[in-house]
Each structure stands twice: as C-alpha cells, then as structure tokens.
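A.B. asks: Following this message is one structure expressed as structure tokens.
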Amino acid sequence: MEDCLFCKIIAGDIPSTMIYEDEDTYAFYDIHPQTKAHALVVSKRHVPDLERNTALTDHELAACLRACATVARLMGLAQSGYRVVNNCGEDACQTVKHLHFHVLGGQKMAERMA
Ligand code: AMP
Ligand code: ZN
C-alpha cells in the first residue's frame, strides 16, 4: 500500500535490519527498542490492524504468530522468555497502521502491561 511505512520496509524501499522472512511475514529490529531485544513481525499483506484480521487468511495470521516464536528463538530468547505485543487502535497507542507484533525480551519485564 502506498504511503505505508511497513509496506515500504517490506518492499526494501526503506532500510531495515532483517531477522527473519517467509512468504507471509517479515521481521526486523525496532528502530527505537523498548527492551534490550525488540523486534517487529509484520504481515506481508497490508492489513491496518488486528481488528481487520479477516482480511488475512488463517494461514497468514498463524504465520505471524509462528514467526514471533521463530524470531524470539533467533534472538536467543527461547529459554529466558519473551513477550509478544500487538497494539490495536487508539487506546493501545498504535502508531503504524500495518498489522505488526512486537517481540520483546532480553531483560526482566514488568508484571503488568498497562
Ligand atoms: P506501534 O506503536 O505498535 O504502532 O509500533 C510501531 C513501532 O514501529 C514502534 O515501536 C517504532 O519504534 C517502530 N518503527 C517506526 N519506524 C521504524 C523503522 N523505520 N524501522 C523500524 N522500526 C520502526
Ligand atoms: Zn502496509
């Protein structure tokens, strides 16, 4: 989609540091890490947010979650643990309107999420 930051990253028009890629997902390091390890997993097909998940096939949606676990393993977080976060909409402070999941870890995190 034109004027979508993550579509441009997937297309290679904006640089990113790739961690993992498959036919449905692309994963790269967050430019402003909120934890010692912070990656983003995005669906290759443009969907604005999780609320619009029916625009993706079950396979594409499952691929996102599976990619989160793969990325966590590639970042060395499988044993220590990690958190997967999706911000959906205004109250969750979603800033990029292209479905993505944060993979956070590398340190002990707060027990509460809000
Ligand atoms: P959200 O607030 O859930 O929409 O998350 C968007 C995330 O995208 C934020 O954590 C940003 O730091 C991250 N971000 C924005 N621009 C870039 C970029 N060019 N490369 C990597 N991550 C980015
Ligand atoms: Zn997009």
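The values are calculated or read from the model by the stated rules, or taken from the named source; none is laboratory data. Every value quoted in this text rests on a predicted model; they were computed, and no experiment measured them. Positions of Cβ are generated from backbone atoms using ideal geometry, with glycine treated the same way; all protein chains shown enter the neighbour counts. For the accessible areas, the whole protein counts, side chains as well, though only heavy atoms, and no ligand, DNA or RNA atoms are used. Shrake-Rupley method; radii C 1.70, N 1.55, O 1.52, S 1.80 Å.
A.B. asks: Mind checking the per residue accessible area of the chain for me, 1.4 Å probe, whole number of Å²? Display every interim value, and only then the final one.
C.D. replies: Numbers: 7210 Å² over 114 residues.
Value for the chain: 63 Å² per residue.
A.B. asks: Have a look at GLY89, GLY12, GLY81 and tell me which one the Gaussian network model of the chain (Cα, springs below 10 Å) gives the largest fluctuation.
C.D. replies: For the chain, modelled as a Gaussian network with Cα springs under 10 Å, the answer is GLY12.
A.B. asks: Any number yet on Rg/Rh for the chain, C-alpha, Kirkwood?
C.D. replies: We get a ratio of 0.94 for the chain.
A.B. asks: I want to verify a result. In a Gaussian network model of the chain, Cα cutoff 10 Å, which of these has the top mean-square fluctuation: ALA78, ALA69, ALA92?
C.D. replies: Residue with maximal mean-square fluctuation among ALA78, ALA69, ALA92: ALA92.
A.B. asks: Under a Cβ-only charge scheme (Lys and Arg +1, Asp and Glu -1), can you give me the dipole magnitude of the chain about the Cα centre, in debye to the nearest 20?
C.D. replies: Numbers: 11 positive and 15 negative charges, 106 e Å.
Around 520 debye, computed over the chain.
A.B. asks: Let me ask something additional. Restricting to DSSP H runs of at least four residues, report the calculated mean residue ellipticity at 222 nm for the chain, -39500 (n - 2.57) per run over all residues, nearest 500 deg cm²/dmol.
C.D. replies: Details: 2 runs with 24 residues, N = 114.
About -6500 deg cm²/dmol.
A.B. asks: Could I ask something else about it? Order of 59-68, 98-107, 28-37 by packing, highest average Cβ count within 10 Å first?
C.D. replies: On the way: 59-68: 17.8, 98-107: 20.6, 28-37: 13.9.
Going by the mean number of other Cβ atoms within 10 Å, highest first, we get 98-107, 59-68, 28-37.
A.B. asks: Within region 22-38, whose backbone N sits under 15 Å from a point 7 Å along Cα→Cβ of VAL84?
C.D. replies: Zone members listed by number: 22, 24-28.
A.B. asks: Another question, if that's okay. Cα axis of helix 58-74 to longest principal axis of the chain: angle in degrees, 0 to 90, nearest 10?
C.D. replies: That helix lies at roughly 40 degrees to the long axis.
A.B. asks: Compute the length gained on full extension between MET113 and ARG45: take 0.36 nm times their separation in residues and subtract their Cα-Cα distance, giving the result in nm to one decimal.
C.D. replies: Working: separation 68, 0.36 × 68 = 24.48 nm, distance 2.80 nm.
Contour length minus Cα-Cα distance gives 21.7 nm.
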